[in-house]
1. Quick check: is even one residue across the stretch 122-136 more than 26 Å from R163 (Cα to Cα) and of a type in the set (A, V, I, L, M)?
2. So, of the residues in the stretch 83-98 that are loosely packed, with under 12 Cβ neighbours inside 10 Å and of a type in the set (D, E, K, R), which turns out to be modelled with the highest pLDDT?
3. Kindly indicate whether T180 is among the polar types (S, T, N, Q), farther than 24 Å from I124 by Cβ and away from the ligand (no atom under 13 Å from the Cβ).
4. Considering the stretch 212-231 alone, what residues qualify as being in contact with a helix residue (DSSP H, G or I) (Cβ under 7 Å, 6 or more places away or on another chain) and either away from the ligand (no atom under 12 Å from the Cβ) or in the same structural domain as A182 (by TED's automatic domain parsing) (or both)?
5. In the stretch 48-82, which residues are over 17 Å from A24 (Cα atoms), in contact (Cβ under 8 Å) with a residue 40 or more places away in the chain and buried (at least 16 other Cβ atoms within 10 Å of the Cβ)?
6. For the stretch 197-211, enumerate the residues that are over 17 Å from Q17 (Cα atoms) and more than 10 Å from the ligand (Cβ to nearest atom).
7. Kindly indicate whether any position in the stretch 182-192 is in contact with a Leu (Cβ under 7 Å, 6 or more places away or on another chain) and surrounded by fewer than 16 Cβ atoms within 10 Å (Cβ to Cβ).
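The values are calculated or read from the model by the stated rules, or taken from the named source; none is laboratory data. Since we're looking at a predicted model, the values are computed, not measured. In this analysis, Cβ positions are derived from the backbone assuming ideal geometry, glycine residues included, and neighbour counts consider all displayed protein chains.
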Amino acid sequence: MTLTLDRKRNRNPVKTQRIEQRYALQLRKVAQQVGSIVQPFTPGDMSQVPTIEHLLNAYSDMLKGWATQTASNMLMDVALRDEAAWQTMAKELSRGLREEIRNAPTGRVMQALLAEQVTLIQSIPLEASQRVHRLTLAGIEDSTRFQEIQKAILETESVTASRATLIARTETARTASVLTQARAESIGCTHAIWHTSHDGAVRKSHREMDGKVFALDKPPRLSDGTETFPGQIFNCRCWMEPIIDG
Ligand SMILES: [Zn+2]
């Protein structure tokens, strides 16, 4: 028996779109702050770079509490969705199994996910800092590219915002996938079916996996050489359908 809520439409039963949007909105606030830190400085002036780096590093340190809170909210929201999806999917299962699903030990997985989220959020200003440093240096080494590089430095906020959006998208899907997997393994599932989001943006190597069964103990190796579970690599919206009873 497999667990699918919405088999006809073949959609991910763990609905995280709203959660992802909210998380992205929050993380883009970090990008805005990064933009306002960098903005007063003269792009391309190496003498100002240590100050920019200092400010962005300090901002990253300061972010820890906020990042923990923001990431916890995202994780809790996804965990609730995951549990609700399992409860709906598991309607046909025995009461004992439903009880096991509810009591799945997801605490350790949640702790690990939270720590990873905090590191990622704190990395947003740090990456921006490294980027400004790198670009400024490149502008000094090659004066013919100075204007182009100045322009790139002025784009710090939008580049950072794109990264924030990518993190939110990737991490919300990854959280859902990791939690589904943890719950599946806790009730003895050993295999699951790979599903894609069935739209034009699916990677070829993921499309090839659509409908295929894979083992949960090791991420499958895809045709492009990557090893990943569905939904657990950047920009992936694939999801897994755990198989119960072999
Ligand atoms: Zn995918």
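1. no
2. R95
3. yes
4. L216, S223
5. V49, I52, E53, L56, Y59, S60, A79, R81, D82
6. Scanning the stretch 197-211 gives G200, K204, E208, G211.
7. yes
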